[in-house]
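**Q** Sharing a structure with you now.
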Amino acid sequence: MRWTPSRSSEPRTSHIDYYNMIVPIDKGFPNGAFPGNEYNCKCGIEQTEDTVTEVPADIEKVKPAPGLDNDPAKTGMLFNTNAPYYQKGYVHYKTLLPTAQRFVNNRFAVFKKTKEYKNGGKLYTHTLFDKSVHDAKDIQGIANMLAKDGKTVMINPTKLHYKDKLYNEVYKGLKDTHYYGKNPDLTIDGKFYEYESFETKNFQPKKIAAMLKHGAKQSDRIIINNKPNVGEGYIKWKIDEKVREGFYFKEVWTWNGKELVQVY
């Protein structure tokens, strides 16, 4: 390949030594130089079968401009991530992302019917429900089982900021309550329920108290993970303990992975 001279009326001197230089395609020009590796460079390149030229020992090194320090023929990129346009654009992207996300939420985020049963039960899942969270499968399992029982169940968005317009659409029933701003996981026949679980594999009974405490901050109706099958008496004792501490519950249910049991 041949380095063709600049078409500029005032060519830069740093590339003159490379004019008409011929090198093997698989080797490239010396010092990593390449036509166009400085902004506004008007040098070019062309394929040729002419003989490879000798490279002068004292040839000037051409330092590529940030973002142009790559060979497009090898990388497939005209600009790499060092380009100032990319760097500035990324800063603006991070700044504008929350606004863009709110726009998308307000325009396109909806509840979609995912199940419907002959007894009238329906299951709706919001498009902003994050299926990758650790308790997502439990929430889906609980919701589907209740829909099978004939209830109308909605799996709510995983997290919404209370200032988002969408928050007031999904959680308008929380307005004027001290739960306003929270994100309960489920809406069952118009009532909000929070599901509480744990991530550690080394379960200890004290986790029951922690789940009750965290759940009560989201809703007065909660469902807690009881896959370790902790005794109902112990759970009721912990509920009474939390009530004495000032926490308020209307309903408490346990979920063992197969069935729900109301314990309060």
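Values quoted throughout were computed directly from the atomic coordinates according to the rules given, and no laboratory measurement underlies them. What you are looking at is a predicted structure, and each value in this text was computed from that prediction instead of being measured. FYI the Cβ positions are ideal-geometry reconstructions off the backbone, even for glycines, and counts take in every protein chain you see.
**Q** To the nearest 20 Debye, how big is the dipole of segment 1-79 about its Cα centre, given +1 on the beta carbon of each Lys and Arg and -1 on that of each Asp and Glu?
**A** Value, rounded to 20: 240 debye.
**Q** On to the next question. Would you mind working out the magnitude of the charge dipole of segment 109-262 relative to its Cα centre, with +1 at each Lys and Arg C-beta and -1 at each Asp and Glu C-beta, to the nearest 20 Debye?
**A** 240 debye
**Q** A further question on this structure: Per DSSP helix of 4 or more residues, -39500 (n - 2.57); summed, then divided by the residues of the chain. What does that give at 222 nm, rounded to the nearest 500?
**A** -8500 deg cm²/dmol
**Q** Would you mind checking the radius of gyration and Dmax of segment 169-221 based on alpha-carbon positions, in Å?
**A** Final numbers for Rg and Dmax: 12.8, 39 Å.
**Q** How much length, in nm to one decimal, is gained on full extension between H134 and H161, taken as 0.36 nm per residue of separation minus their Cα-Cα distance?
**A** 7.7 nm
**Q** Tell me, in nm to one decimal, what length is gained between E259 and T48 on full extension, where the rule is 0.36 nm per residue of separation less the Cα-Cα distance? Please report the intermediate quantities before stating the final value.
**A** Working: separation 211, 0.36 × 211 = 75.96 nm, distance 7.52 nm.
Answer, rounded to one decimal: 68.4 nm.
**Q** Across bins of 5 angstrom width beginning at 0, how are the C-alpha pair distances of segment 198-264 distributed, in whole percent?
**A** 4, 17, 33, 28, 14, 4, 0
**Q** I need the fraction of alpha carbon pairs in the chain separated by more than 26 Å, rounded to a whole percent. Please list the in-between numbers first.
**A** Details: 20964 of 34716 pairs.
Within the chain, distances greater than 26 Å cover 60 percent of Cα pairs.
**Q** Rounded, prolate or oblate for segment 1-79? Axes are the square roots of the Cα gyration tensor eigenvalues, ordered a ≥ b ≥ c, and the cut-off for rounded is a/c under 1.5.
**A** Rounded is the answer for segment 1-79, as its axis ratio a/c remains below 1.5.
**Q** Pop out the ³J(HN,Hα) list for segment 216-230 in order, Karplus 6.51 cos²θ - 1.76 cosθ + 1.60 with θ = phi - 60°, rounded to Hz; leave Gly and Pro as x.
**A** Couplings: 5, 7, 9, 6, 8, 10, 10, 10, 10, 6, 10, 4, x, 6, 5 Hz.
**Q** Treating the beta-carbon of each Lys and Arg as +1 and of each Asp and Glu as -1, no other charges, what is the dipole magnitude of the chain about its Cα centre, to the nearest 20 debye?
**A** It works out to roughly 1720 debye.
**Q** Now, a different point. Of all chymotrypsin sites (Phe, Trp or Tyr not before Pro) in segment 1-42, which ones are in loop regions per DSSP and have a Cβ with at most 16 other Cβ atoms within 10 Å?
**A** Answer in residue order: Y19, Y39.
**Q** Got a sec? Charge dipole of the chain, +1 on Cβ for Lys and Arg, -1 for Asp and Glu; which of H134, G233, S6 is way out at the positive end?
**A** The residue sitting most towards the positive pole is G233.
**Q** How high is the relative contact order of the chain, in percent, with contacts defined as C-alpha pairs under 8 Å that are six or more residues apart?
**A** Details: 388 pairs, mean separation 25.5, N = 264.
Reported relative contact order: 10 percent.
**Q** Could you tell me the extents of segment 12-146's C-alpha atoms along the three principal axes, largest first, rounded to whole Å?
**A** Over segment 12-146, Cα extents along the principal axes are 85, 32, 24 Å.
**Q** Right, here's the next one. Could you tell me what fraction of 2.2 N^0.38 Å the Cα radius of gyration of segment 109-262 comes to, as a two-decimal ratio?
**A** Computed over Cα atoms of segment 109-262, the ratio equals 1.03.
**Q** Quick check: Cα centre of segment 59-77 to Cα centre of segment 217-240, how many Å?
**A** 63 Å
**Q** Output the relative contact order of segment 1-79, whole-number percent, from Cα pairs under 8 angstrom with separation of 6+ residues. Can you show the working numbers first?
**A** Details: 100 pairs, mean separation 27.8, N = 79.
Answer for segment 1-79 is 35 percent.
**Q** Of K165/K217; K112/K191; K175/K227; K148/K207; K42/K63; K151/K201, which ones are farther than 28 Å apart at the Cα?
**A** K175/K227; K148/K207; K151/K201
**Q** Percent relative contact order of segment 180-231, based on C-alpha pairs within less than 8 angstrom and at least six residues apart?
**A** 38 percent
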